[in-house]
């Protein structure tokens with residue numbers, strides 16, 4: 001992969017992260033990226049985006065809306081061709097996955 005392509009991929013990933021930071025779990029006042037719900041972001045040729053994520057629990061009331069919000073927000077990024085959001089519960093979510101900012105926001109620090 002050329003250096004130019006690596007830079008473009010990195011920039012696209014940064015834009016995806018910024019989009020993810022606009023999606024919130026309705027029960028928690030912290031975005032899903034800072035909560036640690038995003039396990040993987042991959043950019044494939046022609047700007048196809050793959051996101052592997054989890055939810056705070058398998059019984060999460062927002063289990064259907066959060067992945068749809070993720071797909072919608074990422075598709076809004078200029079140049080994105082397609083978005084594939086996959087949900088996994090392996091490894092199971094734990095509060096240890098939260099960023100320092102999220103822990104601070106929720107009073108865990």
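Values quoted throughout were computed directly from the atomic coordinates according to the rules given, and no laboratory measurement underlies them. What you are looking at is a predicted structure, and each value in this text was computed from that prediction instead of being measured. Here the Cβ is made from the backbone with ideal geometry for all residues, glycine too, and neighbour counts use every protein chain on show.
Results, tabulated for the structure shown:
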{"item": "Antiparallel DSSP beta bridges within the chain, percent to nearest 5", "result": "55 percent"}
{"item": "Pairwise centroid distance, computed over Cα atoms, of the range 56-89 with the range 11-39, Å", "result": "10 Å"}
{"item": "Computed FRET value (nearest 0.05) for residue 77 with residue 40, which takes r as the C-beta separation and R₀ as 25 Å", "result": "0.90"}
{"item": "Cα long-axis angle, helix 65-75 against the chain (0 to 90 degrees, to the nearest 10)", "result": "30 degrees"}
{"item": "Inter-probe distance in nm under a simple model that places probes 7 Å from Cα toward Cβ, at residue 17 and residue 64", "result": "3.3 nm"}
{"item": "Three-way shape label, the range 15-109, alpha-carbon gyration tensor, a/c 1.5", "result": "prolate"}
{"item": "Calculated FRET value between residue 84 and residue 10, using beta carbons and R₀ = 22 Å, to 0.05", "result": "0.65"}
{"item": "Relative contact order (%) - the range 3-105, alpha-carbon pairs under 8 angstrom, separation at least six", "result": "30 percent"}
{"item": "Estimated 222 nm signal from helices in the chain, with DSSP H stretches of n ≥ 4 weighted -39500 (n - 2.57), rounded to 500", "result": "-10500 deg cm²/dmol"}
